[in-house]
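The values are calculated or read from the model by the stated rules, or taken from the named source; none is laboratory data. The structure presented is a predicted model; accordingly, all values stated were derived computationally and were not measured. All Cβ positions, even for glycine, are placed from backbone atoms using ideal geometry, and neighbour counts span all protein chains on display. Side chains are part of the model used for accessible areas, which takes the heavy atoms of the whole protein and leaves out ligands, DNA and RNA. Shrake-Rupley method; radii C 1.70, N 1.55, O 1.52, S 1.80 Å.
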Amino acid sequence: MPRFPARAASLLRYRKDPVVMWTVRATAAAVLSYAVAVRLSSEPAPLTAPLTALLVVQVTLYATLTTGVRRVISVVAGVLIAVGFSAVVGLSWWSLGLIILAALTVGQFIRVGEFVNEVAISAMLVLGVTQLASQAWDRVLETLIGAGVGLLFNVVLAPPVWVDPAAESIVGLARRTRNLLLGLGEELDGPVPVERAAGRLYEARRLDQAVTDVDAALRQAEDSLRLNPRISEGLLARLVLRTGLDTLEICVVVVRVLARSMTDLAKRRNEDEPLFPADTAQALQELLEDVGAAMVSYAVLVTTPVSDNAEQAENRLAAELSAAWDHRETVADMLLRGVQQHPYAWQLHGSLLAEIDRILDEMDLEHRTRRLMEELDRAAAARHERSARLAGFRRLVRGWRPARREG
């Protein structure tokens, strides 16, 4: 009996995997397009239809609609080129070279972007199974069937919204950064070898790759929100997540600089000399704990829907930022006294405070609100500009009348 909940949880986890969902949806669309093509095409094996469906179906509805047209154009162009060649020559090494050259050249002229290779791929596949020019319309029909089924498949059965995986990755990035700050704080009251400090710096640099991975997950989530009929406030959700990641990315960069300052400070200490006196190390450790906790709370806030516990997350972030600023003042006084004992390190002490100030400023609630409003205004202005261009085009079309021929 206990195995059933575990299996259900495993299936739910797979359902949230974009790769798994794309695989299932693409397979279903390809099979459906083949079934339709068998009824409408005179070809005994209309494989061009499922081929096109596989190319058109994407993880998100937005990607399907935006790339589907170019994919269809590229496939149709490849099919027509292959049928034209098959009417003149058969399949040989030199004809294959000519068709690839022609397909890539045509692909550049018709501006299908990153799908230029698919013109050549489609041409080669069709050339291998097409030897009669009379089959041209069948191949074009199969292509249109596959494209239509692929587009309708994602329109009627909208793909899942990939916000949850992106939110989990954002929170995961914040927690990973917090763990780094905790590790830095635990080493402040004792001697720190330069090799260990450099290891922390290397760990901070590896966070750049984590930011890249989170950005990829967020781009997929943003695409899943666009044109999705199940989402009523997709623009706001996209901007909240994007501005949140931008802030965390800045914080990650500053943490890397902070780790660099710690490494430089370790180089200026003797082998048996701690980085800071015991009381200063304790206060600075508490400050880094507050900063790390605030980063996690900030990530939770930007990934929490307004209808849930957003207010609770905002209050928690405000309390942690307030505690961090209080500890910051204490640390500033202690570092000032420490500079009098180690005047050669005053620049590094000042940089530590400046870096912590930058992180806290980035996560400030007023700063977040102002940034979000600026992005909303920018998006509204862009939408108004697109509407104005579309209205102008409509007026141009309505105002055009064909010239009457004089009797």
Mind listing just one residue for me: the one in region 161-182 that is modelled with pLDDT of 90 or more and open to solvent by less than 10 Å² (accessible area, probe 1.4 Å) and, of those, nearest to Ala281 (Cα to Cα)?
Leu181
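Taking the options Ala388, Ala345, Ala380, name whichever one is open to solvent by 40 Å² or more (accessible area, probe 1.4 Å), modelled with pLDDT under 75, among the hydrophobic types (A, V, I, L, M, F, W, C) and farther than 30 Å from Ala313 by Cβ.
Residue meeting the stated conditions: Ala388.
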Does region 326-340 hold any residues that are modelled with pLDDT of 85 or more and either small (Gly, Ala, Ser) or open to solvent by 80 Å² or more (accessible area, probe 1.4 Å) (or both), and which are they?
Asp326, Glu329, Ala332, Asp333
Pairs with Cβ under 8 Å, 6+ apart, first in region 82-98 and under 12 Å from Met124 (Cα atoms), second modelled with pLDDT of 75 or more and aliphatic (A, V, I, L, M):
Ala82/Ile99; Ala82/Ala123; Ala82/Met124; Phe85/Leu98; Phe85/Ile99; Phe85/Ala102; Phe85/Ala123; Leu96/Met124
Being outside any helix (DSSP H, G or I) and among the charged types (D, E, K, R) is the filter here, so list the residues in region 256-305 that pass it.
Arg268, Arg269, Glu271, Asp272, Glu273
Considering only residues of region 194-238 that are open to solvent by 60 Å² or more (accessible area, probe 1.4 Å), at negative phi and not in a helix (DSSP H, G or I), which is modelled with the lowest pLDDT?
Ser232
As an exercise: evaluate Arg358 against (1) at pLDDT 70 or above; (2) exposed (fewer than 10 other Cβ atoms within 10 Å of the Cβ) and give the number of the one condition it does not meet.
(2)
Would you mention how many residues in region 85-114 are open to solvent by less than 50 Å² (accessible area, probe 1.4 Å), of a type in the set (A, V, I, L, M) and in a loop (DSSP other than H, G, I, E, B)?
2
